[in-house]
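Novice: Handing you a structure now.
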């Protein structure tokens with residue numbers, strides 16, 4: 001039961017952060033996805049055929065940054081005795097991005113804005129690394145929801161066919177509801193706070209990640 005509760009908390013916080021950061025950067029930073037970076041390919045292509053300038057190519061720069069972050073996350077995990085070190089690093093990076101957005105003239109400099117976005121992308125790459133390395137720590141991917149929606153749909157089909165009397169499927173469906181709800185709420189919060197506060201609102205994601213780190217299981221492994 002304790003393992004399950006830890007997985008619930010970790011999943012909820014990580015999906016909240018994933019949806020939140022993705023939406024904040026999309027709303028405040030030239031429509032850049034920071035968590036689901038492959039979405040930037042679509043935005044890049046759209047801007048390119050509509051006469052986009054050099055800033056359109058920034059979308060593609062998120063991909064190598066993300067790849068490097070995942071590699072660093074894997075390396076940190078192999079070197080650390082603490083399972084969730086990568087989450088702690090992500091928390092620090094997100095908090096740093098929020099603090100820098102407060103003190104730096106983000107509104108006056110696209111260079112600064114893009115630099116902060118890349119820092120956020122790097123942080124979310126670490127989260128993706130955690131999800132792959134410790135797949136049992138969450139109920140599924142926490143930064144993109146296609147696979148989770150697919151699983152929830154399959155579970156719902158089985159539940160309907162069995163008149164909602166399949167215990168295992170009930171549990172699986174409940175896990176997907178936690179995942180999807182967390183991401184959706186994160187998106188809503190990201191849209192609101194991103195519009196009101198700009199990139200400085202990323203600091204809230206850093207705080208959430210610190211909470212996730214201290215409450216997630218097996219920090220000392």
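Values quoted throughout were computed directly from the atomic coordinates according to the rules given, and no laboratory measurement underlies them. Keep in mind it's a predicted model, so treat the numbers as computed, not measured. So basically every Cβ, Gly included, is an ideal-geometry build from the backbone, and we count neighbours across all protein chains shown.
Novice: For region 63-119, how big is the tail of P(r) above 17 Å, as a whole percent of Cα pairs? List each step's numbers first, then the result.
Specialist: On the way: 768 of 1596 pairs.
Percentage above 17 Å: 48.
Novice: Go through 143-155, 186-198 and give me the packing order, highest mean Cβ count within 10 Å leading. Write out the running numbers ahead of the final one.
Specialist: On the way: 143-155: 16.8, 186-198: 18.5.
Sorting 143-155, 186-198 by mean packing, highest first, produces 186-198, 143-155.
Novice: Here is a follow-up. Suppose the chain between residue 188 and residue 214 were pulled fully straight at 0.36 nm per residue; how much longer would it get relative to their current alpha carbon spacing?
Specialist: Values: separation 26, 0.36 × 26 = 9.36 nm, distance 2.50 nm.
Extending this stretch completely gives an extra 6.9 nm.
Novice: For region 124-195, what does the alpha-carbon gyration tensor say about shape, rounded, prolate or oblate, given a ≥ b ≥ c as the root eigenvalues, a/c under 1.5 as rounded, and a/b over b/c as prolate? Walk me through the numbers on the way to the answer.
Specialist: Values: a/c = 3.04, a/b = 1.60, b/c = 1.90.
Cα axes put region 124-195 in the oblate bin.
Novice: Another question about this same structure. What is the Cα convex hull volume of the chain when expressed per residue in Å³?
Specialist: Details: hull volume 26.1 nm³, N = 221.
Hull volume over Cα atoms, normalised by residue count, gives 118 Å³.
Novice: Please state the relative contact order of the chain as a whole percent: Cα pairs under 8 Å, 6+ residues apart? Can you show the working numbers first?
Specialist: Details: 347 pairs, mean separation 91.1, N = 221.
Once normalised by length, the contact order is 41 percent.
Novice: Taking 8 Å as the Cα distance limit and 6 or more residues as the minimum spacing, I'd like the relative contact order of region 31-76 as a percentage. Walk me through the intermediate numbers first.
Specialist: Working: 23 pairs, mean separation 17.0, N = 46.
Relative contact order here is 37 percent.
Novice: Over region 102-221, how many percent of alpha carbon pairs lie in each 10 Å bin up to the one with the longest distance?
Specialist: Percent of Cα pairs in each bin: 11, 33, 30, 18, 6, 2.
Novice: Write down the radius of gyration of region 1-132 and its Dmax, each obtained from C-alpha positions, in Å.
Specialist: Using the Cα atoms of region 1-132, the pair Rg, Dmax is 15.7, 55 Å.
Novice: Give the relative contact order (percent, whole number) for region 93-221; include only Cα pairs under 8 Å separated by 6+ residues.
Specialist: Averaging sequence separation for qualifying contacts and normalising by length gives 35 percent for region 93-221.
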